[in-house]
Amino acid sequence: MACGRHRGPPQAPVAKQEMSSSTHKKVILKRNGQEPLRGWVNPAAFLNDQGVEIMTIDSQVAVLPYGQVKAVHFVRDFEEKNDQQERKVFQSRPKLEGLWLRLRFKDNEVIEGILPNNLLLLESRGFTITPPDPFANSQRIFVPKEALADLTVLGVIGSAAAPTRKKKTAEPSDKQMGLFS
């Protein structure tokens, strides 16, 4: 083989040595009572049975158990300088379609976000929400169920189930003359 790698049967799921995708996203992984980790994840495969898989900025691949993870913030850059200034709750009713949620962590921190109103996008391990501030560093946040003390649905925004109202149009009258006939 040209690349020099052995392609045999898949090995038992031990610690992975490399991540197998070119579409990695920058994340800041916040841990319970510890310093956050900065790195990259493959959005299609970062959640597995053992935990959250992350490649840190010093090129180490780690799998953190869900019980140690508070949240995975998909970010624009690794700097957290504006983290305290980011809005954690909506100031008014959100415009984005989906379920408006309030998440309360076990350490009593509260954030709000929008969960897409599509059951096909739900993960079994937690929730991926869109945070309130569209201009903040965090673009999306994955929160494991184990990190939460409470989750409340505050509203359904732009539900597809709501009937759309048709505007009434005036019926053409025989008494009205036709301009373009």
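The values are calculated or read from the model by the stated rules, or taken from the named source; none is laboratory data. Just so it is clear, the model here is predicted, and its values are computed rather than measured. Note that each Cβ is placed from the backbone with ideal geometry, even for glycine, and that neighbours are counted across all protein chains shown.
Among the residues making up segment 93-126, those that are of a type in the set (S, T, N, Q) and modelled with pLDDT under 90 are 117, 118, 124. Here residue 49 meets the list (1) modelled with pLDDT of 95 or more; (2) surrounded by fewer than 13 Cβ atoms within 10 Å (Cβ to Cβ); (3) not aromatic (Phe, Trp, Tyr) almost entirely, failing just condition (1). Looking at segment 128-146, which of its residues are among the hydrophobic types (A, V, I, L, M, F, W, C) and modelled with pLDDT under 95? Those that are among the hydrophobic types (A, V, I, L, M, F, W, C) and modelled with pLDDT under 95: 135, 136.
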